[in-house]
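Enquirer: Here it is, the structure in full.
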Amino acid sequence: KVSISKCNWIDNSTVLAAGEDGTVRFWNVDETDPSKQLIRTLSVDGEAGGIRDMELVTLPSGKTILTVAAGQNVTFFDMSTYSQIHSYKMPIHFREEGGASLHPGGKKFIAGGGRRGGSMALGAVKGGELGSDLKVYVFDFDTGKELEAHKGHHGPVRCLRYHPDGKSYATGSEDGTIRLWRTDP
């Protein structure tokens, strides 16, 4: 059995289920024959690890993008062709926390999660025990280049999403707070 970490409806009869095995499964819930219920799969890079977060965003152009945060990568799929558009290695990991969200305009994305390498001061072993990162990062969608990094939480970033109008985004943390950030200060 595969542990399911996230699910999302894409229409009235299809649910996406993200697995700890790095696979997004498309299930037709109206199909009565169990052998025909699984209609498609998408997989992230084998090194990426289990999926921690996924999001569907429809851009002004009408294109729908699936954003997947897994392992150390954020991967984007075009839902009209089911093809991978981009996959970027992040300065954070998504093994136990965090996620990613695509701006509604499709020009940038945000990500937050665990720190790579851990902290030697907190007893991390050289070579990379993984600790928590308290920042939220903004990246360019087309290049993956880091544009901004913001710190405001006193605990790990557990979740984040853009507002539907794209003018702000919210982050939630283990510290019990939700922070609202302006997209373009």
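Enquirer: Restricting attention to segment 78-100, does a residue exist that is in contact with a Ser or Thr (Cβ under 8 Å, 6 or more places away or on another chain), among the hydroxyl-bearing types (Ser, Thr, Tyr) and surrounded by 21 or more Cβ atoms within 10 Å (Cβ to Cβ)?
Expert: Within segment 78-100 (the criterion being in contact with a Ser or Thr (Cβ under 8 Å, 6 or more places away or on another chain), among the hydroxyl-bearing types (Ser, Thr, Tyr) and surrounded by 21 or more Cβ atoms within 10 Å (Cβ to Cβ)), the answer is no, since none of the residues qualifies.
Enquirer: Being among the polar types (S, T, N, Q) and over 19 Å from Val74 (Cβ atoms) is the filter here, so list the residues in segment 1-38 that pass it.
Expert: Passing the criteria: Ser3, Asn12, Ser13, Thr14, Asn28, Thr32, Ser35, Gln37.
Enquirer: Are any of the residues in segment 52-62 closer than 14 Å to Ala111 by Cα and in a loop (DSSP other than H, G, I, E, B)?
Expert: No.
Enquirer: Any residue in segment 8-23 that's assigned to a loop (DSSP other than H, G, I, E, B): show its pairings with residues that are open to solvent by 10 Å² or more (accessible area, probe 1.4 Å) and among the hydroxyl-bearing types (Ser, Thr, Tyr) at Cβ separation under 9 Å, as long as the two are six or more apart or on different chains.
Expert: Note: pairs meeting the criteria are Ile10/Thr64; Glu20/Ser3; Glu20/Ser5; Asp21/Ser3; Asp21/Ser43; Gly22/Ser43.
Enquirer: Find all pairs meeting these conditions: Cβ atoms under 7 angstrom apart; at least six residues apart or on different chains; first residue within segment 96-113 and more than 12 Å from Asn73 (Cα to Cα) and aromatic (Phe, Trp, Tyr); second residue part of a loop (DSSP other than H, G, I, E, B) and open to solvent by 10 Å² or more (accessible area, probe 1.4 Å).
Expert: Within 7 Å, the pairs are Phe109/His103; Phe109/Phe141.
Enquirer: Related question: Checking the conditions here, which among Ile39, Ile65, Ile51, Ile4 is in contact with a Leu (Cβ under 6 Å, 6 or more places away or on another chain) and either touching a residue at least 12 places away in the same chain (Cβ under 8 Å) or aromatic (Phe, Trp, Tyr) (or both)? Spell out how you get there, then give the answer.
Expert: Details: Ile39 fails: in contact with a Leu (Cβ under 6 Å, 6 or more places away or on another chain); Ile51 fails: in contact with a Leu (Cβ under 6 Å, 6 or more places away or on another chain); Ile4 fails: in contact with a Leu (Cβ under 6 Å, 6 or more places away or on another chain).
Testing whether each residue is in contact with a Leu (Cβ under 6 Å, 6 or more places away or on another chain) and either touching a residue at least 12 places away in the same chain (Cβ under 8 Å) or aromatic (Phe, Trp, Tyr) (or both) leaves just Ile65.
Enquirer: Among the residues of segment 68-77, what is the count of those that are among the hydrophobic types (A, V, I, L, M, F, W, C) and either surrounded by fewer than 24 Cβ atoms within 10 Å (Cβ to Cβ) or touching a Lys or Arg at 6+ places or on another chain (Cβ under 7 Å) (or both)?
Expert: The total comes to 4.
Enquirer: Next question, about the same structure. When you go through (1) over 20 Å from His163 (Cβ atoms); (2) open to solvent by 10 Å² or more (accessible area, probe 1.4 Å) one by one for His103, which number turns out not to apply?
Expert: Here His103 meets the rest and fails (1).
Enquirer: Still on this structure, please answer the following. Under 20 Å from Gln72 (Cβ atoms) and at pLDDT below 95: does that describe Pro185?
Expert: On the way: under 20 Å from Gln72 (Cβ atoms): no; at pLDDT below 95: yes.
Against the criterion (under 20 Å from Gln72 (Cβ atoms) and at pLDDT below 95), Pro185 does not qualify.
Enquirer: Might you let me know whether segment 23-31 holds any residue that is surrounded by 12 or more Cβ atoms within 10 Å (Cβ to Cβ), in contact with a Phe, Trp or Tyr (Cβ under 7 Å, 6 or more places away or on another chain) and not aliphatic (A, V, I, L, M)? So that I can check it myself, show each step before the final result.
Expert: Initial filter on segment 23-31 (surrounded by 12 or more Cβ atoms within 10 Å (Cβ to Cβ)): 23-28, 31.
Pick out the ones that are also in contact with a Phe, Trp or Tyr (Cβ under 7 Å, 6 or more places away or on another chain) and you get none.
No; the residues of segment 23-31 include none that is surrounded by 12 or more Cβ atoms within 10 Å (Cβ to Cβ), in contact with a Phe, Trp or Tyr (Cβ under 7 Å, 6 or more places away or on another chain) and not aliphatic (A, V, I, L, M).
The values are calculated or read from the model by the stated rules, or taken from the named source; none is laboratory data. Small disclaimer: the values here were computed from a predicted structure and weren't measured. Neighbour counts run over all protein chains shown; Cβ positions are idealised from the backbone, glycine included. What goes into the accessible areas is simple: the full protein's heavy atoms, side chains included, and nothing from ligands, DNA or RNA. Shrake-Rupley method; radii C 1.70, N 1.55, O 1.52, S 1.80 Å.
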